[in-house]
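Take this structure first; my questions come after.
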Amino acid sequence: MTVHPLVVAVVVRSTEPGRFGTVVTAWFARQVERRDDFKLDLIDLAMTSPESLRERIDAADAAVLVCPEYNHSFPGDLKSAIDSVRRPWYAKPVAFVVYGGRSGGLRAAEQLRLVFAELHAVPIRETLSFHQTPTCFTPEGEPSEPGTTEAAATLLDHLAWWARALRDARASTPYPG
């Protein structure tokens, strides 16, 4: 039996050089690309139209949002992008890689969980969080905290499980949402 790789859409607000999110995204994308069970679709919202975003999320088996925390939440332009997609989020697993200050972006992740639950998506429990940016990465673009790569592997293992289960469920029975 041939198992097709799971398409994972890694969504980021901007991969503009010099932005901290670019460092996080590049590192996480490398973690995805090292695996045989995923095919990466890196989506830079700064260069993606709402129509293209909708099509790419529809084609994906799972999504990961790389997101900063702003004012104890996530950025408004990210909310607009999420809302522009709507139905393609249904019955898809979503994970979060967040960063920012003392909370490490965890407040953004918690609020995103609520948004995605309302969109009939399945936010997974595992979250990667980077505190006190940019010192949490080396100049070479690797996390400075031990265990981060292992935490990413755990997140991706769980995301793969949910992506397979939900892909099979959507194929056998259309989601009623």
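Could you work out the relative contact order of the chain? I mean the mean sequence separation of Cα pairs under 8 Å and 6+ apart, divided by the number of residues, in percent.
Answer for the chain is 22 percent.
While we're here: Note down the Stokes-Einstein diffusion coefficient of segment 16-84 in µm²/s, whole number, using a Kirkwood radius over alpha carbon pairs, 20 °C, and 1.002 mPa s. Working shown, then result.
Details: Rh = 13.4 Å.
Stokes-Einstein gives a translational diffusion coefficient of 160 µm²/s.
Of all the accessible heavy-atom surface of segment 1-53, with the other protein chains kept in place and a 1.4 Å probe, what percent is carbon and sulfur? Walk me through the intermediate numbers first.
Working: 1530 of 2800 Å².
Taking all protein chains in place, segment 1-53 shows 55 percent carbon and sulfur surface.
At 1.4 Å probe radius, can you tell me the per residue accessible area of segment 114-175 in Å²?
Values: 3650 Å² over 62 residues.
Per-residue value: 59 Å².
A further question follows. So if each residue of separation counts as 0.36 nm, and I subtract the Cα-Cα distance between Ser172 and Asp44, what length gain in nm does that give?
On the way: separation 128, 0.36 × 128 = 46.08 nm, distance 3.15 nm.
Result for the pair: 42.9 nm of gain on full extension.
While we're here: When the C-alpha atoms of segment 98-140 are aligned to their principal axes, what extent does each axis show, in angstrom, from largest down?
39, 19, 13
Once you have the alpha carbon radius of gyration of the chain, what is it after dividing by 2.2 N^0.38 Å, with N set to its residue count? Each step should come with its number before you reach the end.
Details: Rg = 15.3 Å, N = 177, 2.2 N^0.38 = 15.7 Å.
Output field value: 0.98.
The values are calculated or read from the model by the stated rules, or taken from the named source; none is laboratory data. Note that this is a predicted model, so its numbers are computed, not measured. Protein only, heavy atoms only, side chains kept; ligands, DNA and RNA dropped before computing areas. Shrake-Rupley method; radii C 1.70, N 1.55, O 1.52, S 1.80 Å.
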